[in-house]
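This report refers to the structure that appears directly beneath it.
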Amino acid sequence: RWLECFTDKERLSEFCASTDPAGNLESNSSAGHKEYQDRLRVIALRQEGKEKNEIAELIGRPPRFVQTWWRKDPKEVPKPAGVHEYLKTEFWRDVEIVRGFGKDQGIYEDALASTEWVQPMADGREFKNGGGYRLKYDKEGRMRPQGNQNAKDGVVPGRLPKLDRLVQRLMVEQDIDDRVLKRPGLLWYPDGTSDAIVHRHEAWTALMSFGSPRILTIDNHPVLLRDGDLIVFGTQRHGVPKMCTEGSTFDEYGGRMSVVLFFMPTGQQASGSAPWRAIRDDEPSRKMQSWLVDADLGKDAQVSGLMNGSKSAELKQLTDLGFEAAEAAAALKATNFDVSLAVEALLNGSGSALLVEDCSCCMAANRVSQIAALWRRLQELQTASSSSDALGGGDGSWEEKAILEQLTELEMAEEAEAGGGVLAAQFAQYEEMLDATDADEWDGRGDLMVREWRRQHLHIEQQEPSTVYSLGCGSLPEKIFFEVLSAHSVRVLYDFRPDAEQAQSPFRPSHLEGACKRHAIHYRYAPLGREGAYGILKHLREDEGRNLLAELVWWARRKRSAFLGFAENWREDHRIAIAARLKEAGHKVLHVTNAFGDVEEQPDMEMPDFISGEESRLRMLEKQRLAGELKRKEKSASSRSTEAVAQRLTQPRKEIDAGAELRKANTQAELCRVQRRLADLQRRSESSDAKAGLGPKLLHVNKWVKAEAALQAENLAAGKTKDGKEKGAEKQNSPPVYSWTSTGGTSGGNPDFSGYPSGAGAESSEVLMVACLSCEIAYPWQDLIAGDGRCVACTSSEDASCAELKTVESSAVPTEDPTGAPSEDTKALSRWARRKLEREGPAGVSS
């Protein structure tokens, strides 16, 4: 039993060890990826000399498809919708699964006890603006933790010998040459509630799983990885959902670890000759070649030592079985000279990996044995010297001095490798300086503070003092606004307005982003001080506020930068709090005061009451809303009148492009919310009011939106909410309102307030009495719902009037005077009927 990412839809899957998929499997992230992949495959197969019909049979496409693409250059092939520009075709590959690669070695238990675990923060890739990564925050602006934990230093060599051997074997067998990370990553999922949201990487991934069996979704297909299984894949979307066995809970499920290596394709794969295949070169990689050279340097001495020593019989047994002497010696050493275990390791093909592991220990072992031999020789010389002195013998001090000098050199070399205390502290200081320098390097994509090392070195207090401009859009025309920016040479604009979408049209973020791009200004919309974060002061204290200000200061050190507010007077805007926080950290803020570009530096002053009391006011407002004490807005009867409906019908109907709305989504969560809103509009568009011309008109609706709209209609017809939940059902054992209960998706990442006590306002049993819109007699609201605010008697009379009107229309069709004046028949009708006839014209009369 497992939950789909973003939607939390529960699914059941059955797995059997005997039927688990293994080997190479084809996988595509979307229909667009499959289409683009087949187009490139047609071109590559033609270059291999295959005919048209043969290619069509190989890829399962009609010959017409092959005819369209097979003579084109790969650069001429257009990318279908959904294929991201940043995903290079040479990074595509099939999925490869190796079952039992490191089975039954106890790595999960060893790693759990010897590793320091840290909680990383969640981030996600941004589809627009170059494909950077954005941090994920909750509604109050706190960074959201990931669903798993990471080892602080990754897989440290020497800490887990069994895992080191597996990693070396993996790199040898998979020809991994160019690793993205210096060390493999180590991730821990403590129980079934831990998860990893669906994501993708711009590199290849080799993943080993240890511990309890756990599902890994590859392009939305569940793959169960058992203890010791290995999976290698490319840029496919993957994730680890919450899961448990049927009949148990997520908290009761066992833990699991993942050892992850990211690496780049090399050789033929990097040249892009066949982007759908996982090509492996015949010759070994450069790293493997260097390992083999190091192994050759020491294997002869090791073999000769075993042949002439006490373990010569064990080595002879292995060589008589046909194994090479060097691999047999390495296997015996790794298994503590157990012949049966050594034979099993060699039969599994681990001989070369054992050689590589052994050569890494040769230098250290040789140095230790050399020091021990020198100390033994020195002790013999000192014993012989004492006896010779007693007998009046010769002097052996020259040999002792030479041995002491050699011991000093070897011990200094050993200390240099181990690292003395003073030297280690000095290197740690250098490392800290390098980390600070590296943290300051950013390409401007995504969030500056998305990485941990930047969050340690780039807060506004740690950056050099800089000057930031501040201005409010107010009632400025768009032309004057950009003239003011140009007068101060502003090249970076951060929009911190909390409700910018409610601003006038030129200053809405969607319009302002395009206008800034035309003026070569870097623009980012990042609302601060929203209601869910309890105001500007509270928001600035949280992670989101501090990270955004750090990003603004980073830009201000390089280019003229400004932040945007609502009011033209900075004393009446949230900008006063933002400027005070920057000034507190040592930076300078200049407020643009008018359309002429005059600036004013903010003095030291107290926050006004509308700023200082904003948090308490918003918290009280939230408590009243949860307790049901806020008065609901009542719909005006005038908006439902015949004149209002007729006026709306005369206005041009609003058109919404569903495809354009979906493309505006920056994250998967926003995409789900937009699709849900479009499905709601699609469902409403099938009503009688929408067919009559009321409400917006949807264009270019895809099949997924239509399917979700149909599902909403089915849920509502069954007496449920449009999401399929039971009306009025309350969740049991709900968490507190301040806790995080979601990973994003259609819920938007907000806390779950359904378990909050409803209060006295919700428990009141008073009957709501509402006056009928027609006769103005008070009735219980439940009796007026069916008539849309009218009682049963008024509804019946209106139905009779409508029937009489239709009879008049059908029996007496009015004639129109040639001069354009209304006829006598037309005058006899009501004003509403005359308007309807005028609007429908001759077509309506004839019908």
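Using the Karplus equation 6.51 cos²θ - 1.76 cosθ + 1.60 (θ = phi - 60°), what ³J(HN,Hα) coupling, rounded to whole Hz, does each residue of region 463-475 give in order, writing x for Gly and Pro?
Here the 3J(HN,Hα) series is 8, 5, x, 9, 10, 10, 9, 9, 8, x, 6, x, 10 Hz.
Can you compute the modelled spin-label distance between HIS221 and HIS199, with each label point 7 Å from Cα toward Cβ, in nm?
Here the modelled spin labels are 2.4 nm apart.
Please give the length that would be gained between GLU252 and ASN569 if that part of the chain were fully extended, namely 0.36 nm times their separation in residues minus their C-alpha to C-alpha distance (nm, one decimal). It would help to have the intermediate numbers written out before the result.
Values: separation 317, 0.36 × 317 = 114.12 nm, distance 5.76 nm.
Residue separation times 0.36 nm, minus the Cα-Cα distance, leaves 108.4 nm.
I'd like the distance between the alpha-carbon centres of region 511-527 and region 529-546, rounded to an integer number of Å.
Measuring centre to centre over Cα atoms gives 23 Å.
Can you give the extra length, in nm with one decimal, that the chain gains between VAL118 and ALA660 once fully stretched, where that is 0.36 nm per residue apart less the Cα-Cα distance?
191.1 nm
Could you please put PHE323, PHE596, PHE233, PHE65 in sequence from largest to smallest accessible area, using a 1.4 Å probe?
I get PHE596, PHE323, PHE65, PHE233, largest accessible area first.
Probe radius 1.4 Å, ligands and nucleic acids left out: which of THR68, THR217 has the largest accessible area, and how do the rest follow?
Working: THR68 70, THR217 15 Å².
Largest accessible area first, the residues go THR68, THR217.
Which of rounded, prolate, oblate describes region 689-729, given a ≥ b ≥ c as roots of the alpha-carbon gyration tensor eigenvalues and a/c under 1.5 marking rounded, otherwise prolate only if a/b is larger than b/c?
Judged from the Cα gyration tensor, region 689-729 comes out oblate (a/c at least 1.5, b/c at or above a/b).
Which of the peptides 255-265, 612-622, 30-40 is most tightly packed, and how do the rest follow, judged by the mean count of other Cβ atoms within 10 Å per residue?
With the highest mean Cβ count within 10 Å placed first, the list reads 255-265, 30-40, 612-622.
Report the full-extension gain for the segment THR721 to GLU441: residue separation times 0.36 nm, less the Cα-Cα distance, to one decimal in nm.
Numbers: separation 280, 0.36 × 280 = 100.80 nm, distance 4.96 nm.
95.8 nm is the gain from fully extending THR721 to GLU441.
Place the peptides 685-693, 516-524, 556-564 in order of packing, highest mean first, counting for every residue the other Cβ atoms within 10 Å and averaging per peptide.
Taking the mean over residues of other Cβ atoms within 10 Å, the ranking is 556-564, 516-524, 685-693.
Listed here are the pairs LYS79/LYS242; LYS691/LYS720; LYS136/LYS162; LYS52/LYS79; LYS139/LYS725; LYS139/LYS691; which of them are more than 30 Å apart at the Cα? Provide the component values of the computation, followed by the final result.
Working: LYS79/LYS242 34 Å; LYS691/LYS720 25 Å; LYS136/LYS162 36 Å; LYS52/LYS79 22 Å; LYS139/LYS725 24 Å; LYS139/LYS691 38 Å.
LYS79/LYS242; LYS136/LYS162; LYS139/LYS691, as the Cα separations exceed 30 Å there.
Between ILE777 and ASP153, what FRET efficiency comes out of the Förster formula 1/(1 + (r/R0)^6) with R0 = 60 Å and r the beta carbon distance, rounded to 0.05?
0.20
Once label points are set 7 Å from the Cα along Cα→Cβ at both LYS162 and LYS703, what is their separation, rounded to one decimal in nm?
Between LYS162 and LYS703, the label points sit 4.9 nm apart.
Rounded to the nearest whole Å², what accessible area per residue is found for region 1-86 with the 1.4 Å probe?
Per-residue accessible area for region 1-86 comes out at 62 Å².
Out of the DSSP beta bridges found with both residues in region 491-629, what percent are antiparallel (nearest 5)?
25
Ordering LEU12, LEU224 from largest to smallest accessible area (1.4 angstrom probe), what's the sequence? List each step's numbers first, then the result.
Values: LEU12 115, LEU224 15 Å².
Solvent-accessible surface, decreasing: LEU12, LEU224.
Under the rule of at least 5 residues apart or a separate chain, name every residue whose amide H is placed under 5 Å from the amide H of ALA196.
Here the answer is VAL240, since their amide H atoms fall under 5 Å of that of ALA196.
Through the Karplus equation 6.51 cos²θ - 1.76 cosθ + 1.60, θ set to phi - 60°, convert the phi angles of region 65-73 into ³J(HN,Hα) values in whole Hz; use x for Gly and Pro.
Couplings: 4, 5, 4, 5, 10, 6, 9, 8, 7 Hz.
Percent of accessible area on region 493-564 owned by carbon and sulfur, 1.4 Å probe?
Percent of accessible area from carbon and sulfur atoms in region 493-564: 46.
Provide Rg and Dmax in Å for region 182-223, with only Cα atoms included in the calculation.
Cα only, region 182-223: 11.5, 30 Å (Rg, Dmax).
Using a Förster distance of 56 angstrom, determine the FRET efficiency expected from the C-beta separation of LYS623 and ALA22, and round it to 0.05.
Given R0 = 56 Å and the Cβ-Cβ separation, E is 0.50.
Based on alpha-carbon centroids, what's the gap between region 311-340 and region 143-162 in Å, whole number please?
A separation of 35 Å, based on Cα centres.
Note down the net charge around LEU590, summing +1 for each Lys or Arg and -1 for each Asp or Glu among other residues with Cβ under 12 Å from its Cβ.
With Lys, Arg at +1 and Asp, Glu at -1, the net is +1.
What is the distance, in nm, between label points placed 7 Å from the Cα along the Cα-to-Cβ direction at MET769 and at ALA520?
7.2
Compute, for THR205, the solvent-accessible surface of its heavy atoms (probe 1.4 Å) with the complete set of protein chains present, and express it in square angstrom to the nearest 10.
0
How big is the gap, in Å, between the Cα center of region 31-64 and the Cα center of region 659-702?
Taking the Cα centre of each part, region 31-64 and region 659-702 sit 36 Å apart.
Apply 1/(1 + (r/R0)^6) to the Cβ-Cβ distance of GLU501 and ILE59, taking R0 = 56 Å, and write down the FRET efficiency to the nearest 0.05.
0.75
The values are calculated or read from the model by the stated rules, or taken from the named source; none is laboratory data. These numbers were taken from a predicted model, which means no experiment stands behind them. Methodologically, a virtual Cβ is constructed for each residue, glycine included, from the backbone with ideal geometry; neighbour enumeration extends over all protein chains shown. Please note that ligands, DNA and RNA were not included when accessible areas were found on the heavy atoms of the full protein model with its side chains. Shrake-Rupley method; radii C 1.70, N 1.55, O 1.52, S 1.80 Å.
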